[in-house]
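Undergrad: Let me give you the structure first, and then I'll get to my questions.
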Amino acid sequence: MTTAHLPGHPHIDYRGDALTIEEVPLSGLAREHGSPLFVYSKASMLSALAAYQRGFVGRQARICYAMKANSSLAILQVFAQAGCGFDIVSAGELERVLAAGGQAETIIFSGVGKTRAEMRQALHAGIGCFNVESEAELDVLNEVALSLGLRAPVSIRVNPNVDPKTHPYISTGLKGNKFGIAHERTLLTYQRAAALKGLKVVGIDCHIGSQITEETPYLDAMDRVLDLVQAIEAAGIALHHIDFGGGLGIDYNGETPPAADGLWAKLLAKLDARGYGQRQLMIEPGRSLVGNAGVCITEVLYLKPGEQKNFCIVDAAMNDLPRPAMYQAFHQIVPVNKRSGSTEVWEVVGPVCESGDWLGHERALNVQTGDQLAVLSAGAYCMSMASNYNSRGRAAELLVDGAKVHVIRQRESLADQIHNERLVG
């Protein structure tokens with residue numbers, strides 16, 4: 001039997017005409033568990049993590065999985081067991097980490113809108129660090145910490161005004177973005193933080209965006225951050241760690257992002273050259289760990305040829321896979337079982353009552369009603385952003401480990417959806 005590997009998906013390939021994830025054919029999973037269906041490769045996640053781990057051999061570094069990419073408990077468990085910390089942006093994410101076996105002291109709490117209740121919860125849990133995003137947040141966190149008789153460990157997120165060359169919705173390091181402290185106000189903000197008795201300054205943080213596929217933005221951002229580290233420490237404020245965030249992209253459609261270990265070799269060389277090579281480092285990868293580990297299987301419901309366009313209507317929709325509608329994002333769509341013969345060009349769309357409910361434009365497919373298609377690179381920002389729009393239940397999720405298949409989320413029923421709703425009178 002011939003094996004055809006899919007570029008960027010080392011643990012997803014065709015064996016003969018059947019698409020397989022690790023040792024498991026996808027067609028059998030869809031028949032057994034229904035569709036839409038998310039399936040993840042554990043080996044793919046650990047392989048992606050290993051590239052970062054190789055890059056940090058001999059260094060003081062903590063890899064904190066940015067769990068907003070995919071917060072399913074079993075996914076968190078994989079990374080917790082592999083020694084990762086976690087980057088969270090809500091109290092709900094904090095609870096998920098703890099439920100999955102993660103340790104509070106390995107958690108970094110990011111986000112521009114932390115509430116007092118979330119701050120209290122995180123302080124009681126004993127998290128490792130708050131990444132503070134505004135001067136107003138410093139004051140509130142100080143007040144909350146003092147009310148509890150505690151000191152909050154803080155790192156200030158710097159906005160270095162570096163263009164990550166990515167989609168504007170996922171760019172976070174430019175002056176016009178809502179994130180972080182302006183580069184020009186960073187030293188003053190650190191001096192203010194150091195004077196507040198409820199805070200303990202422990203680090204500096206920078207994150208410039210997501211789906212970054214070039215090295216230059218990282219190198220530029222590091223230079224700007226290290227300039228600040230030098231100025232802050234010259235002012236007498238010690239920084240225990242330097243956090244360079246995440247954002248490394250993946251191959252959705254022929255992109256060629258740098259390998260994690262190769263990128264970090266260059267970044268570490270710059271750190272060494274500037275005398276910070278043995279500093280404690282933090283990074284927060286998300287998409288690059290899980291994105292290409294997942295596929296979404298969907299069934300073709302109807303074929304609707306038209307005068308201008310041919311529509312392939314499938315049972316997955318924008319509530320399952322929001323990225324195309326939200327970001328105009330590209331995901332490869334391939335048959336679960338290949339057919340011989342010629343292809344036609346189709347608009348692959350879902351059943352939701354919106355013209356924006358599309359999964360792929362102008363895809364060449366040889367497809368018939370009842371066939372299964374696989375939407376690739378669906379491990380990040382799909383299930384974590386899924387909704388119940390049109391009262392559609394969220395899909396089931398499976399984790400494949402070699403030849404073993406684990407159900408990690410049951411398909412959501414209508415009873416699950418309306419459990420907390422109440423009729424009046």
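Undergrad: Just checking, does the range 96-118 include any residue being in a loop (DSSP other than H, G, I, E, B), touching a strand residue (DSSP E or B) at 6+ places or on another chain (Cβ under 7 Å) and farther than 24 Å from His406 by Cβ?
TA: yes
Undergrad: Which residue pairs have Cβ atoms under 6 Å apart, sit 6 or more places apart or on different chains, and have a first residue in the range 115-137 that is in the same structural domain as Ala193 (by TED's automatic domain parsing) and a second that is modelled with pLDDT under 95 and among the basic types (Lys, Arg)?
TA: Here the result reads Asn131/Arg157; Glu133/Arg157, each pair linking the range 115-137 to a residue that is modelled with pLDDT under 95 and among the basic types (Lys, Arg).
Undergrad: Suppose we keep only residues that are touching a Gly at 6+ places or on another chain (Cβ under 9 Å) and not aromatic (Phe, Trp, Tyr) within the range 169-185. Which one would you say is modelled with the highest pLDDT?
TA: Ranking the candidates gives Gly180 first.
Undergrad: Within the range 344-383, work out how many residues are under 14 Å from Tyr327 (Cβ atoms) and among the small types (Gly, Ala, Ser).
TA: 5
Undergrad: Oh, and also: Counting just the residues of the range 183-203 that are out of contact with any strand residue (DSSP E or B) (no Cβ under 9 Å at 6 or more places or on another chain) and of a type in the set (D, E, K, R), which one comes out surrounded by the most Cβ atoms within 10 Å (Cβ to Cβ)?
TA: Across the range 183-203, the extreme among qualifying residues is Arg192.
Undergrad: Which of the following residues is touching a Phe, Trp or Tyr at 6+ places or on another chain (Cβ under 8 Å) and outside any loop (DSSP other than H, G, I, E, B): Leu49, Leu29?
TA: Matching residue, one of Leu49, Leu29: Leu49.
Undergrad: Is at least one residue of the range 83-94 polar (S, T, N, Q) and in contact with a helix residue (DSSP H, G or I) (Cβ under 8 Å, 6 or more places away or on another chain)?
TA: Yes, the range 83-94 contains a residue that is polar (S, T, N, Q) and in contact with a helix residue (DSSP H, G or I) (Cβ under 8 Å, 6 or more places away or on another chain).
Undergrad: Which one is farthest from Ala48 (Cα to Cα), of the residues in the range 95-114 that are buried (at least 22 other Cβ atoms within 10 Å of the Cβ) and free of Cβ contacts under 8 Å to residues at least 40 places away in the same chain?
TA: Lys114
Undergrad: For the range 355-371, how many residues are in a loop (DSSP other than H, G, I, E, B) and either touching a Pro at 6+ places or on another chain (Cβ under 8 Å) or without any contact (Cβ under 8 Å) to a residue 12 or more places away in the chain (or both)?
TA: Total satisfying the criteria: 5.
Undergrad: For the range 72-84, which residues satisfy the criterion of being without any contact (Cβ under 8 Å) to a residue 60 or more places away in the chain, on the phi < 0 side of the Ramachandran plot and not hydrophobic (A, V, I, L, M, F, W, C)?
TA: Scanning the range 72-84 gives Gln77, Gln81.
Undergrad: Looking at Leu138, Leu94, which one is over 21 Å from Ile75 (Cα atoms) and either among the aliphatic types (A, V, I, L, M) or modelled with pLDDT of 95 or more (or both)?
TA: Leu138
Undergrad: Mind checking whether some residue in the range 62-83 is surrounded by fewer than 21 Cβ atoms within 10 Å (Cβ to Cβ), farther than 30 Å from Gly8 by Cα and outside the structural domain of Cys382 (by TED's automatic domain parsing)?
TA: No, the range 62-83 has no match at all.
Undergrad: Considering each of Asp223, Asp272, Asp243, Asp227 in turn, give the residue that is touching a residue at least 24 places away in the same chain (Cβ under 8 Å), surrounded by fewer than 19 Cβ atoms within 10 Å (Cβ to Cβ) and not assigned by TED's automatic domain parsing to the domain that holds Met385.
TA: Asp223
The values are calculated or read from the model by the stated rules, or taken from the named source; none is laboratory data. Values in this document were obtained by computation on a predicted structure and should not be read as measured data. As a convention, Cβ positions derive from the backbone with ideal geometry for all residues, glycine included, and neighbour counts pool all protein chains shown.
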